[in-house]
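Remarks on the structure that follows.
The values are calculated or read from the model by the stated rules, or taken from the named source; none is laboratory data. Since the model is a prediction, treat every value here as computed from it, not as a measurement. Ideal geometry is used to build each Cβ from the backbone, glycine not excepted, and the neighbour counts take in all protein chains shown.
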Amino acid sequence: MSYSGIRAIQLEQERKERIRREQNRARAESLAAACDQTIAAIKDPAIQQLVARDLKKIRSELQAARTRIAGDPDRAVKDVSAIQKRLHRSIATAKTKAGQWRKEQAATQAQLQETESRLAAEREATSEAGRPILAAADDAIRKAQGLRGAGRETEALAACSHAESLIEKARKASLDERIRREVVRGLLTTLTEMGFTIDGPQLTNKDADGGIVTLTGKLPSGKLARFEVSLDGKMQFDLDGYEGRSCAKEIERVESQLQERFGIRFGPAQVTWKNPDRISKGSRDLPTGGRAMTR
């Protein structure tokens with residue numbers, strides 16, 4: 001004889017509810033512990049910094065949820081689950097931002113190194129006119145380094161860009177200074193060969209952009225010639241003691257020598273005639289004015 005069958009088993013509703021609540025208490029504790037482990041596993045300083053504000057709030061909410069586990073496990077499970085999701089989203093966002101930040105940091109570092117190399121090379125080649133500008137470029141690079149150290153990559157790149165523009169400005173000033181030296185050398189040689197006794201060259205107006213190089217020549221007859229060469233490629237001249245248009249011819253002689261022997265070309269003349277009351281052969285004498293040198 002044998003006997004078999006199936007019967008439904010049911011617990012009393014109250015007992016069943018107690019088991020379900022115990023299960024949720026365990027689940028809530030497990031979820032909270034998992035949150036603790038996730039937070040403890042954040043070792044990357046960049047991510048720690050990026051999630052610091054969120055973590056402060058999450059820890060506070062997690063502590064509040066734990067106080068509800070015993071009395072209201074259902075709500076505790078719901079709250080801790082929401083906290084866990086927000087924690088994971090915050091970390092994921094931080095990782096993305098940290099990755100982007102590292103790329104920006106690498107780009108800033110590369111730009112800084114390139115700018116520092118360019119500055120070092122320019123320092124070796126610069127003339128006196130470029131040195132103050134390179135000193136300002138040094139300051140800009142130091143500022144960029146400080147900003148990078150503070151994690152302000154965009155501002156650091158802007159400081160780098162400013163340093164680059166200063167290096168370029170110094171390069172131009174250095175080139176202009178070398179060109180001016182060639183012009184002054186040509187003037188000195190030409191005027192000496194024309195019989196002038198030379199006073200100078202002297203650098204004046206040093207506070208101005210590159211200053212002005214002044215060269216003064218005097219002939220035994222008392223005639224004077226004064227030349228001023230600025231860094232922007234302009235030459236001012238002032239001739240005194242000449243009659244009629246002889247001063248214009250003197251300037252033409254100077255310019256002809258500078259062009260033929262030194263390769264210096266001149267732009268259109270801007271001439272002002274002094275002492276308009278003194279007329280000789282229909283011309284006014286003693287010009288003063290300037291020329292823009294074409295390079």
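Quick notes
- Residue among E61, E29 that alone is touching a residue at least 40 places away in the same chain (Cβ under 8 Å), in contact with a helix residue (DSSP H, G or I) (Cβ under 7 Å, 6 or more places away or on another chain) and of a type in the set (D, E): E29
- Whichever residue in the range 213-227 is surrounded by 18 or more Cβ atoms within 10 Å (Cβ to Cβ) and over 20 Å from T126 (Cβ atoms) and, among such residues, is modelled with the lowest pLDDT: K223
- Single condition T38 does not satisfy, out of (1) under 14 Å from R86 (Cβ atoms); (2) of a type in the set (S, T, N, Q); (3) surrounded by fewer than 11 Cβ atoms within 10 Å (Cβ to Cβ): (3)
- Unique residue being more than 16 Å from the chain's Cα centre (by Cα) and either of a type outside the set (S, T, Y) or closer than 30 Å to I179 by Cα (or both) when the list is Q84, Q113: Q84
- Looking across R15, R20, one residue alone is assigned to a helix (DSSP H, G or I), free of Cβ contacts under 8 Å to residues at least 24 places away in the same chain, in contact with a helix residue (DSSP H, G or I) (Cβ under 9 Å, 6 or more places away or on another chain) and more than 17 Å from T93 (Cα to Cα). It is R20.
- Within the range 148-165, no residue that is over 14 Å from Q49 (Cβ atoms) sits with its Cβ atom under 6 Å from a residue that is assigned to a helix (DSSP H, G or I) and of a type in the set (F, W, Y) at 6+ positions apart or across chains.
- Residue in the range 160-181 that is in a helix (DSSP H, G or I), crowded, with 21+ Cβ neighbours inside 10 Å, touching a strand residue (DSSP E or B) at 6+ places or on another chain (Cβ under 8 Å) and at pLDDT 80 or above present: yes
- Any hit, the range 212-227, residues being closer than 14 Å to V254 by Cα, touching a strand residue (DSSP E or B) at 6+ places or on another chain (Cβ under 8 Å) and in contact (Cβ under 8 Å) with a residue 40 or more places away in the chain: yes
- Residue in the range 58-80 that is surrounded by fewer than 16 Cβ atoms within 10 Å (Cβ to Cβ) and closer than 24 Å to R142 by Cβ present: no
- Put simply, of L203, L191 the only residue that is surrounded by 15 or more Cβ atoms within 10 Å (Cβ to Cβ), outside the structural domain of Q48 (by TED's automatic domain parsing) and more than 11 Å from the chain's Cα centre (by Cα) is L191.
- Looking across the range 123-146, just one residue is surrounded by 12 or more Cβ atoms within 10 Å (Cβ to Cβ), among the acidic types (D, E) and at pLDDT below 90, and that is E128.
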